[in-house]
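Below: the structure, in structure tokens.
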Amino acid sequence: MKRDFIALTKLIIQIPCYNEEETLGATLKALPETLPGVDVIERLIVNDGSTDGTVRVAREMGVEHIVDLPQNQGLARAFMAGLEEALRSGADIVINTDADNQYNADDMGKLIEPVIGKTAEIVVGARPIDSVEHFSAAKKLLQKLGSWAVRVVSGTDIPDAPSGFRAMSRNAAMQINVFNDHTYTLETIIQAGHKGIPITWVPVRVNEVRRPSRLVKSVPSYVARSVMVIIRIFMLYRPLRFFTILGSVPFTLGFLLGIRWLSLSYFFPEPGRTYVPSLILAAILLLIGFQTWILGLIADLMAANRRLLEEIRLRVRRAELDKNSKPE
């Protein structure tokens, strides 16, 4: 006999953790028990190889889902592991927050509102960077520059790209693929922009931070790694544009040197001078630029193939997850 099935909206709040025994309890206590438009709220902890009592605290607090990674794999991999488990557990909406309780959990209702209203599939909580007291002037400037770079590359308008406080729909979560090991924050925004996933932001509040960031060990290293993430994703999703811009630099220099050689050799010649070195350098630069453009064409063809593979993967993934989530 077939039973009537009433679809319930399930929200899973995932928290990547690495040695968060001291702060996890306060973070879990602050999470809301009810939210407008949500029928079920569950919590998910990703233990990223912690060596302290993080898992014990989670169990004592009655956390419904615990993903236990055997060794520390980094924030990006922990985020993806949590996302996979949330999807397998039937989440319609996933909220990601930090274990240090820096984000005000009372703003979660505001965070999921665009997802519930179907005006966006990914929502980023934008912190008031200028008024955050524990951010140094250098960090505030870098946050703004990094967010500007992500906006340019992704075509989105997210003012706080490094924010880890975000919500996403089930459909968006299925399409996200994080390739780097450093952080998921920048890459997911750039992916959303290039894949056409509706993304927006809402202003959120922050709490007093009890410990320094583990992701930002030093400002120079954080900047260098973030720049590499942006360049890598730009190469991955806009290879033709990237290599066209890159190849235009040596090609333009070679072209100008060629014009200079032509002018000095035929129109303003000097006795005894042939300017052969300039001609050789111009030829090398022109060749480098042309080869870079060819590389861009090849990369663009590979990107087209990757998009087809991603579409196939998404369909298989959706079919498997939907099959597992069907009621008996």
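A few comments on the model shown:
- The single condition from (1) assigned to a strand (DSSP E or B); (2) of a type in the set (Val, Ile, Thr); (3) within 18 Å of Ser221 (Cα to Cα) that Val123 fails is (3).
- Residue match in the stretch 38-55 (condition: surrounded by fewer than 19 Cβ atoms within 10 Å (Cβ to Cβ) and assigned to a strand (DSSP E or B)): yes
- Qualifying position, being aliphatic (A, V, I, L, M), touching a residue at least 60 places away in the same chain (Cβ under 8 Å), out of contact with any Leu (no Cβ under 8 Å at 6 or more places or on another chain) and within 21 Å of Ala78 (Cβ to Cβ), among Val124, Val153: Val124
- Residues of the stretch 90-112 classified as open to solvent by 10 Å² or more (accessible area, probe 1.4 Å) and polar (S, T, N, Q), total: 3
- Flag for Ile284 being out of contact with any helix residue (DSSP H, G or I) (no Cβ under 8 Å at 6 or more places or on another chain) and at pLDDT 90 or above: no
- Leu314 vs. criteria in a helix (DSSP H, G or I) and open to solvent by 50 Å² or more (accessible area, probe 1.4 Å): no
- Test: residue in the stretch 253-262 that is open to solvent by less than 70 Å² (accessible area, probe 1.4 Å), more than 21 Å from the chain's Cα centre (by Cα) and free of Cβ contacts under 8 Å to residues at least 24 places away in the same chain: yes
- Some residue of the stretch 147-166 being surrounded by fewer than 18 Cβ atoms within 10 Å (Cβ to Cβ), touching a helix residue (DSSP H, G or I) at 6+ places or on another chain (Cβ under 6 Å) and farther than 16 Å from Ala192 by Cα: no
- Checking each residue in the stretch 18-29 for being open to solvent by 40 Å² or more (accessible area, probe 1.4 Å), touching a residue at least 60 places away in the same chain (Cβ under 8 Å) and not acidic (Asp, Glu) picks out only Tyr18.
- With respect to the conditions (1) within 30 Å of Glu187 (Cβ to Cβ); (2) in contact with a Gly (Cβ under 7 Å, 6 or more places away or on another chain); (3) open to solvent by less than 60 Å² (accessible area, probe 1.4 Å), Leu240 falls short on a single one, namely (3).
- Residue in the stretch 269-276 that is assigned to a helix (DSSP H, G or I) and open to solvent by 80 Å² or more (accessible area, probe 1.4 Å) present: no
- Residue in the stretch 12-31 that is under 30 Å from Phe179 (Cα atoms), more than 26 Å from the chain's Cα centre (by Cα), among the small types (Gly, Ala, Ser) and not in a loop (DSSP other than H, G, I, E, B) present: no
The values are calculated or read from the model by the stated rules, or taken from the named source; none is laboratory data. All values reported here derive from a predicted model rather than from experimental measurement. With ideal geometry, Cβ positions are generated from the backbone for all residues, glycine too; neighbour counts draw on all protein chains shown. Accessible surface is based on the protein model in full, side chains and every heavy atom, while ligands, DNA and RNA are left aside. Shrake-Rupley method; radii C 1.70, N 1.55, O 1.52, S 1.80 Å.
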